[in-house]
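This report concerns only the one structure given below.
The values are calculated or read from the model by the stated rules, or taken from the named source; none is laboratory data. The model shown is predicted, which means the values in this text are computed figures rather than measured ones. A quick note on method: Cβ atoms are made from the backbone with ideal geometry, for glycine too, and the neighbour counts reach across all protein chains shown.
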C-alpha cells in the first residue's frame with residue numbers, strides 16, 4: 001500500500017510538472033525593464049513560458065487594457081496613480097498574498113499607500129525618479145539646477161520631455177508652487193498655461209528609451225528617468241543627472257494582474273519569482289532603478305548601493321513628491337495634455 005501511495009504521489013507530481021510545463025504568463029511591461037536573463041531563468045525553473053511585449057507609457061497600456069476589457073495579459077506594471085484608477089474601474093484582479101512567499105522581503109515604507117491600501121492590487125517592483133539630464137561636454141557643469149532652467153529661450157527646439165502627462169505637468173505645478181498631485185482645476189489650468197510657453201523649446205517626447213536621443217547626440221538637455229541616466233552614463237560618463245530644486249518626481253512601478261487574466265496562478269508564480277532577493281538585486285543593478293526589496297538591497301554591490309542617481313540623499317525627498325492618484329482630475333490632465341501636444 002505504501003509503495004502504491006508513493007507511486008501515485010510520483011505520478012501526480014509528474015502530471016503537475018507536465019501541466020506546469022505547458023503553462024504560460026503573458027507580460028505587458030515598460031521597455032527594457034526586466035533583464036532577458038531573468039525571464040529565461042524563470043522559464044527554466046518553472047517550465048512556464050513568458051510571452052512578453054512592451055509599452056511606452058501608462059496611457060498606452062491603460063487604453064489597451066480598457067479596450068480589451070482587462071483581457072489579453074496576465075502581468076502589467078503600472079505606475080502608482082494608474083493602480084488606483086484601474087482597480088477602481090474593475091480592470092485589476094486582487095492579489096492573493098498566500099501565493100507570494102517572498103512578499104515579506106518588501107520594504108514596508110513602500111507598502112499600503114493611498115493608491116492601493118493594503119496592497120490589494122499591486123506588488124512594488126522598482127521605484128525611481130524623473131529629473132533632468134544634460135551633457136556636460138556641451139552644457140557647463142552645474143549650470144542646470146532647476147526645472148525652470150528648461151524654459152530658457154536659448155534651448156528652443158532642443159529639449160527632450162518624457163511622454164508622460166503627470167511627469168510633464170509635475171514640472172509646471174512645482175514651479176508654480178503647487179503639489180505635483182494637485183486635483184485643483186485652477187492649478188492644473190495654470191500649469192497648462194505655463195507648459196504652453198515651454199513647447200517652443202521641445203524637440204521630442206520620448207518614453208520608450210529616453211537615453212537614446214542623448215547618446216545619439218540629438219539632444220543635450222531634458223527630462224529623463226534615473227535608470228535611463230544610469231544606463232546612459234555607462235557609455236557617456238559626461239551625462240549628468242539633476243534632482244531639480246523645485247522638487248523631483250518619485251514613482252513606484254508595481255506588478256498587477258489584469259481582471260481578464262487567463263493564467264492567474266502563473267502570474268502569481270511570476271510575481272513571487274521576481275520578489276526573490278537575488279532576482280530583485282539583478283533587476284536593480286542591470287536596469288538602474290531602486291529596488292523596494294529589503295533583502296535584495298543587501299545583495300547590491302557597493303557601487304550600486306552608493307550611486308546617488310539611483311538612491312538619492314534624504315534631503316532630495318524633502319522637496320520631491322511621490323506620484324499619487326488625482327482621481328477624476330486625471331481626465332482634465334489628459335484633456336490639457338492632448339491640447340499641449342497638438343498645439344491647441
**Request:** Could you pull out every one of the helices (runs of 4 or more DSSP H) wholly within segment 286-344 that has 1 or more residues that are in contact with a helix residue (DSSP H, G or I) (Cβ under 6 Å, 6 or more places away or on another chain), surrounded by 13 or more Cβ atoms within 10 Å (Cβ to Cβ) and free of Cβ contacts under 8 Å to residues at least 60 places away in the same chain?
**Result:** 302-305
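Checking the conditions here, which among 124, 114 is surrounded by fewer than 21 Cβ atoms within 10 Å (Cβ to Cβ) and either touching a helix residue (DSSP H, G or I) at 6+ places or on another chain (Cβ under 6 Å) or over 18 Å from residue 271 (Cβ atoms) (or both)?
Just one listed residue meets the conditions, 114.
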**Request:** Quick one: in segment 90-100, of everything that is surrounded by 12 or more Cβ atoms within 10 Å (Cβ to Cβ) and touching a residue at least 40 places away in the same chain (Cβ under 8 Å), which residue is farthest from residue 269 (Cα to Cα)?
**Result:** 91
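Among the listed residues 235, 212, which satisfies the condition of being without any contact (Cβ under 8 Å) to a residue 60 or more places away in the chain, more than 27 Å from residue 112 (Cα to Cα) and in contact with a helix residue (DSSP H, G or I) (Cβ under 7 Å, 6 or more places away or on another chain)?
Selected residue: 235, the only one of 235, 212 that is without any contact (Cβ under 8 Å) to a residue 60 or more places away in the chain, more than 27 Å from residue 112 (Cα to Cα) and in contact with a helix residue (DSSP H, G or I) (Cβ under 7 Å, 6 or more places away or on another chain).
Taking the condition in a helix (DSSP H, G or I) and surrounded by fewer than 20 Cβ atoms within 10 Å (Cβ to Cβ), does residue 266 pass?
no
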**Item:** Count of segment 241-263 residues which are crowded, with 22+ Cβ neighbours inside 10 Å, over 19 Å from the mean Cα position of the chain (by Cα) and within 30 Å of residue 147 (Cβ to Cβ)
**Value:** 1
**Prompt:** Is at least one residue of segment 271-278 surrounded by fewer than 17 Cβ atoms within 10 Å (Cβ to Cβ), without any contact (Cβ under 8 Å) to a residue 24 or more places away in the chain and over 18 Å from the mean Cα position of the chain (by Cα)?
**Reply:** yes
**Complete set of residues in segment 112-126 that are at pLDDT 95 or above and closer than 23 Å to residue 170 by Cα** = 124, 125, 126
**Test for residue 230: is it within 24 Å of residue 165 (Cβ to Cβ), surrounded by 20 or more Cβ atoms within 10 Å (Cβ to Cβ) and in contact (Cβ under 8 Å) with a residue 40 or more places away in the chain** = no
**Filtered residue count, segment 43-66, keeping only those that are more than 18 Å from the chain's Cα centre (by Cα) and either farther than 20 Å from residue 263 by Cβ or crowded, with 23+ Cβ neighbours inside 10 Å (or both)** = 1
